[in-house]
Amino acid sequence: MAVTRKKLIEVALPLDAINAASRREKSIRHGHPSTLHLWWARRPLAAARAVIFAQMVDDPSSDPVRFTTKEAQERERERLFGILEELVKWENTSKRSVLEPARLEIQRSWERMCADNVDHPHAQELFRCDRLPAFHDPFAGGGALPLEAQRLGLEAHASDLNPVAVLINKAMIEIPPKFTGNPPCNPESRSATELVEREWGGAQGLAEDVRYYGKWMRDEARRRIGHLYPKIKVTPEMVRERPDLSSYEGRELTVIAWLWARTVRSPNPAFADVDVPLVSTWMLSTKKGKEAYVEPVIEGDSYRFGIRVGPPSDPTTVRRGTKSGGSHSPFVCLISGSPMPFEYVRTEARAGRMSSRLMAVVAQGDQARVYLPPTEREAALACTEAPWQPELQIAHWPGRTNVVEYGLTTFGDLFTPRQLVALTTLSDLLGEATNRIRRDAAAAGLPDDDRPLRDGGTGARAYAEAVAVYLG
Ligand SMILES: C[S@@+](CC[C@H](N)C(=O)[O-])C[C@H]1O[C@@H](n2cnc3c(N)ncnc32)[C@H](O)[C@@H]1O
């Protein structure tokens, strides 16, 4: 049995400082792993850093020879808290002057542990002062713990059942050290470096290439499919109907979302040819002072969608959309009010009679969202021809992948043609960017040895694959 001392985490933690730093992290937009890839159960880096430090560092009460009184132990604990409180701050994330004292404390506690276990039968293997213990998170998820373990100087390992989590962890802790200190290989940085000599520390060269080839992909995507995403002009006619738009009159706004409603044929025989919408709420924005909602305008056996701003006069009806009651209740026909039980909607959808209709356009205004009514042009743009569509079947997991019950059986069914065009274009561009990077990396002097990243390569091919992980 190994001899262990009581660790700081078993006695006390400066929780207020850790909580404040964890809260602040949520609003960080640059340089945080959360911007690398979405992960649904992300843990704050500050909390991960704090718990690893406090698990590695001895509590002063475990050293009664050095800290003889309770007061002396408390003073030492306060000193360790001081290190921890600085350590958890976002702005100190890679500050050497903050990380070094923390690493030193970890090393000191480790040396005590090695001394305590000098007679352990595997001491030579397990308790060597010159080798900190390795850290392994077998359920690493978003990777906060292994990343912070690596930052604190431990050899970090991560694994997970989910391949997305594995990719995130590779991108954070495995790939950057392979190319540490390498200069970027993109032609722009190389010609600039010829003019002014500069050092590329850590993963700076890799990061520079991610920025360069990322920009290349974005510019190229804009050139190839930008025509499918035109800006929307606020015309005098629009302002006449919506005086709240007056400050935007004549301006062209970037569209950030199109809101669609799925439709099925009305069950009412009098309107059997009309595709009526399945809408769980008409509210577009419920934020106080910024309320906006869709107003369906029924004209005989057809309807159109208008947009209203401000709080609705009948909030219950507006919040309900075309539902008959609460969020789990079935829909009703917008035109006739006839009930549409779930089974009716499913049968219609499976028979290929489910369609969709554009309900609203969301544009970027001046630090605000601008909700606009749909136009034929906006709807037509989304219905462009898709060159390819994924045919992979969606596994039916009742309660989770219910789309299958509505006839949406392949992944391709989940996207509009324009979304498929965008996804295909971006995947094509990723392949093209990888080839470019490989050529540029070879020209920059990396060995063009054809050894892939997964087999431990560090040449031009592996480097191109590494940059592509971040671009993808
Ligand atoms: C709560 S998350 C971990 C969060 C992580 N500590 C973080 O900071 O983001 C739990 C993870 O365990 C993974 N998981 C669940 N069962 C697993 C198994 N049998 N083997 C490996 N990983 C598993 C899940 O995919 C998920 O990513």
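Between the alpha-carbon centres of region 221-238 and region 277-341 there is a gap of 28 Å.
Beta bridges from DSSP with both residues in the chain: antiparallel share about 90 percent, rounded to the nearest 5. Karplus-derived 3J(HN,Hα) values for region 141-148, using 6.51 cos²θ - 1.76 cosθ + 1.60 with θ = phi - 60°, are x, x, x, 4, 5, x, 4, 6 Hz; glycine and proline are entered as x.
Using a probe of 1.4 angstrom and keeping all protein chains present, the accessible surface of the chain works out to 56 square angstrom per residue. Per-peptide packing, taken as the mean over residues of other Cβ atoms within 10 Å, places 299-307, 72-80 in the sequence 72-80, 299-307 from highest down. Taking 0.36 nm per residue of sequence separation and removing the Cα-Cα distance, the Ala115/Arg24 pair yields an extension gain of 28.8 nm.
Sorting check: for 268-274, 156-162, which peptide has the highest mean count of neighbouring beta carbons within 10 Å, and how do the rest follow? Could the numbers behind the result be given before it?
On the way: 268-274: 13.1, 156-162: 17.0.
Order by mean packing, descending: 156-162, 268-274.
Rounded to the nearest whole Hz, the Karplus-based 3J(HN,Hα) values (6.51 cos²θ - 1.76 cosθ + 1.60, θ = phi - 60°) of region 444-452 follow the sequence 7, x, 6, x, 8, 9, 6, 8, x, with x at glycine and proline.
Close amide-amide hydrogen proximity is noted between Thr410 and Ile394, each under 5 Å apart and 5 or more residues distant or on a separate chain (H modeled in the peptide plane; Pro and chain starts excluded). Computed log10 I(q)/I(0) for region 31-86 at 0.19, 0.26, 0.29 Å⁻¹: -0.73, -1.03, -1.13, from the Debye equation with unit scatterers placed on every C-alpha and solvent omitted. Helix 70-87 and the longest principal axis of the Cα set of the chain meet at an angle near 50°.
Sequentially through region 110-127, phi angles give Karplus couplings (6.51, -1.76, 1.60; θ = phi - 60°) of 5, 5, 5, 4, 5, 5, 4, 10, 4, 8, 4, x, 10, 4, 4, 8, 9, 10 Hz, Gly and Pro residues having no value and appearing as x.
Compute the semi-axes of the equivalent ellipsoid of region 232-378, taking the square root of 5 times each eigenvalue of the Cα gyration tensor, and list them largest first in whole Å.
Semi-axes from the Cα gyration tensor: 29, 16, 13 Å.
When the convex hull of its Cα atoms is viewed from all sides, region 357-472 shows a mean projected area of 12.1 nm².
Per residue and in Å³, how big is the convex hull formed by the alpha-carbon atoms of the chain?
Numbers: hull volume 108.8 nm³, N = 472.
Considering the Cα atoms of the chain, their hull volume per residue is 231 Å³.
The packing ranking, built from the mean of other Cβ atoms within 10 Å per residue, places the peptides 90-99, 183-192 in the order 183-192, 90-99, highest first.
Given +1 at the Cβ of Lys and Arg, -1 at the Cβ of Asp and Glu and no other charges, the dipole of the chain around its Cα centre is 880 debye to the nearest 20.
The values are calculated or read from the model by the stated rules, or taken from the named source; none is laboratory data. Not measured: the values here are computed from a predicted model. No Cβ is skipped: glycine too gets one built from the backbone with ideal geometry, and neighbour counts run over all protein chains shown. Quick note on the areas: whole protein, heavy atoms, side chains included, nothing else; ligands and nucleic acids left out. Shrake-Rupley method; radii C 1.70, N 1.55, O 1.52, S 1.80 Å.
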